[in-house]
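Report on one structure; see the data block that follows.
What follows is calculated from the coordinates using simple rules that are stated; it is not laboratory data. Since this is a predicted model, take the numbers as computed values, not measurements. Heads up, the Cβs are rebuilt from the backbone with ideal geometry, glycines too, and the neighbour counts pull from every protein chain shown.
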Amino acid sequence: MKIRVDLNLNAKDNGYDILIDSGIVSGGYNKETAAVLSSSGLNLKGRALVITCKTVNGLYGNAVSSFLKNYGADDFAVMVLPDGEATKSLGYLSDIHDRLVENRFERSDFIIAFGGGVIGDIAGFAAATYLRGINFIQVPTTLLADVDSSVGGKTGIDHPKGKNLIGAFYQPKAVLIDVDLLKTLDKRELINGFAEVIKYGAVLDAGFFAYLEKGYEKVLSYDKDALTHIIERSCSIKAEVVKEDEKEAGLRSVLNFGHSLGHAVETLYNYESVKHGEAIAIGMVFAAALSKKIGLCSEETVKRIGNLIKNSGLPSDIPGFTPEQYINAMKLDKKVSEKQIKFVLVKDIGKYEFRKLDFDFILSFLKESSLNENRK
Ligand SMILES: NC(=O)c1ccc[n+]([C@@H]2O[C@H](COP(=O)([O-])OP(=O)(O)OC[C@H]3O[C@@H](n4cnc5c(N)ncnc54)[C@H](O)[C@@H]3O)[C@@H](O)[C@H]2O)c1
């Protein structure tokens with residue numbers, strides 16, 4: 001399936017295609033991939049730097065080399081970075097820049113981000129910043145990257161004081177999603193990405209949410225058709241949102257459902273031992289409970305979101321930090337004022353509402369919440 005991300009940047013550079021299929025990287029030449037690459041504006045005769053991580057290179061290094069040769073891109077090098085969030089740092093960004101400078105990469109050359117969200121974010125940011133921007137494509141390899149980070153143009157690295165603090169909106173020329181690559185993904189990573197899929201259904205598409213309630217077991221047993229379906233639907237939803245609001249001036253913040261408390265959970269764990277999707281799963285359950293507290297949604301809605309999260313093997317209980325620690329961590333978020341935070345709440349499955357809420361109110365809710373009594 002091909003999905004178009006339409007952007008109104010300017011007439012010449014107005015969007016890109018997301019291609020979702022099995023065997024894009026590993027299955028040999030196919031016409032559809034060739035068509036997407038040729039309409040992307042990439043100069044396949046130019047030089048390419050494939051940026052990847054150790055695990056993905058070990059599994060698919062040969063496949064990605066054959067893939068490039070199949071489409072006439074013969075002049076390429078591969079740069080392998082360590083696995084893990086710590087790679088999204090100024091040090092590794094600088095290593096990528098060094099490599100590009102030493103090899104005299106030009107504007108007509110391009111980067112391929114081949115990996116999960118970590119690689120997509122840093123490789124995209126390197127592309128955004130080298131020579132004020134060179135072309136790049138995303139070839140995601142985790143479910144989280146397929147459904148979220150590879151689409152929409154948020155690129156960046158972490159700062160020792162906070163995640164994703166340094167970055168740019170910079171769109172790829174194409175996103176090529178090969179569903180077959182997920183078969184080697186660790187189950188915990190698959191479930192981690194599934195949290196973002198639940199998010200799309202919970203606040204933007206009731207029909208999709210109902211599909212996930214019925215079909216989550218298939219997805220989590222790596223059923224290719226089910227995975228393809230959820231990736232297609234998630235990318236379509238994200239493409240629609242990004243088209244309306246590329247730089248998160250309004251609507252795009254709906255994609256932060258679960259992220260206010262989720263980011264606080266990640267911060268309090270110092271980004272170790274909890275994954276992004278797991279943290280936002282906890283955040284979605286909290287946001288749903290908060291929505292009910294202010295009379296926005298029913299108990300049924302809270303239960304459905306909580307049940308799908310728990311049934312998928314995602315955590316739902318708020319970890320045992322104090323309510324004050326959560327409030328302090330939320331205040332570190334880029335998008336808050338001293339007294340209030342803009343929360344994405346749920347009105348009904350598939351329907352959201354933005355509300356500015358006082359930190360005092362959230363603190364008292366954290367203290368009284370039954371979720372809190374279940375804390376681990
Ligand atoms: N840019 C955005 O819009 C956006 C959105 C959400 C998350 N993110 C970022 O994404 C990052 C998390 O991404 P992630 O969850 O993909 O983590 P990740 O990139 O660290 O990948 C997770 C692990 O899976 C391994 N892996 C990747 N593909 C594999 C495959 N096919 N088979 C086997 N192993 C494989 C990796 O080596 C790594 O160890 C975070 O830094 C987060 O901030 C960005």
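Working out 0.36 nm times the residue gap between GLU213 and LYS310, then minus their Cα-Cα distance, what length gain in nm do you get to one decimal? The partial results should precede the final answer.
Details: separation 97, 0.36 × 97 = 34.92 nm, distance 1.11 nm.
Full extension from GLU213 to LYS310 adds 33.8 nm.
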Straight-line reach check, LYS356, cutoff 13 Å on alpha carbons, 8 or more apart in-chain or any other chain, hits among aspartates and glutamates -> GLU338
The set of residues whose placed amide H lies less than 5 Å from the amide H of TYR352, leaving out same-chain residues fewer than 5 positions away, is LYS347
Any lysines whose Cα falls less than 20 Å from that of LYS214, other than same-chain ones fewer than 8 residues away, would be LYS187, LYS199, LYS224, LYS303, LYS310, LYS351
Candidates SER65, SER312, SER337; GNM for the chain (alpha-carbon contacts under 10 Å) flags as most fluctuating SER337
Under the Karplus relation with 6.51, -1.76 and 1.60 and θ = phi - 60°, whole-Hz ³J(HN,Hα) for the stretch 14-20, x at Gly and Pro, equal 10, x, 7, 9, 10, 10, 10
Placing each pseudo-label 7 Å from Cα in the direction of the beta carbon, ASN14 and SER38 end up separated by a distance in nanometres of 2.2 nm
For the stretch 89-134 the trypsin sites (Lys or Arg not before Pro) that pass both the DSSP coil test and the at-most-15 other-Cβ-within-10 Å test are ARG104, ARG107
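Determine the alpha carbon to alpha carbon distance for each of LYS2/LYS243; LYS161/LYS247; LYS31/LYS69 and list only those over 19 Å.
Values: LYS2/LYS243 16 Å; LYS161/LYS247 23 Å; LYS31/LYS69 14 Å.
The pairs that break the limit, which is 19 Å between Cα atoms, are LYS161/LYS247.
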In nm, the gap between the two label points placed 7 Å beyond Cα toward Cβ at PHE354 and GLN340 is 1.2 nm
Expected sort for GLU248, GLU240, GLU196 with the fewest Cβ neighbours (10 Å cutoff) up front is GLU240, GLU248, GLU196
Under the helix-only model (-39500 (n - 2.57) for each DSSP H run of 4 or more, divided by the residues of the chain), the mean residue ellipticity at 222 nm, to 500 deg cm²/dmol, is -14500 deg cm²/dmol
With DSSP loop assignment and no more than 15 other C-beta atoms within 10 Å, the GluC sites (Glu not before Pro) in the stretch 63-152 are GLU106
The chain: antiparallel bridges as % of DSSP beta bridges, rounded to 5, reads 45 percent
Comparing PRO172, PRO82, PRO315 in a Gaussian network model of the chain (Cα, 10 Å), the one with the largest mean-square fluctuation is PRO82
Per residue, the convex hull enclosing the alpha carbons of the stretch 2-183 has a volume in Å³ of 105 Å³
Cα-based Rg then Dmax for the stretch 166-213, in Å, read 14.1, 37
Note on the stretch 153-274: contact order normalised by length, alpha-carbon pairs under 8 Å, 6 or more apart, percent, works out to 18 percent
Between the Cα axis of helix 117-129 and the main Cα principal axis of the chain, the angle (0 to 90°, nearest 10) is 60 degrees
Rounded to the nearest 10 degrees, the helix 90-102 long axis (Cα) sits at an angle to the longest Cα principal axis of the chain of 10 degrees
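What is the order of LYS154, LYS367, fewest Cβ neighbours within 10 Å to most?
Values: LYS154 24, LYS367 11.
By the 10 Å Cβ count, ascending, the order reads LYS367, LYS154.
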In degrees rounded to 10, the 0-90 angle between helix 359-368 Cα long axis and the longest Cα principal axis of the chain is 70 degrees
Under the 7 Å Cα-to-Cβ spin-label approximation, PHE169 and ASP223 lie apart by a distance in nanometres of 3.8 nm
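Starting from 0.36 nm per residue, how many nanometres of slack lie between SER108 and ALA86 once their C-alpha separation is accounted for? Intermediate results must be reported in sequence, preceding the final value.
On the way: separation 22, 0.36 × 22 = 7.92 nm, distance 2.99 nm.
Full-extension gain reported as 4.9 nm.
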With Cα springs under 10 Å, the Gaussian network model of the chain assigns the largest mean-square fluctuation among LEU42, LEU204, LEU363 to LEU363
Rg from C-alpha atoms of the chain, normalised by the globular rule of thumb 2.2 N^0.38 Å, equals 0.97
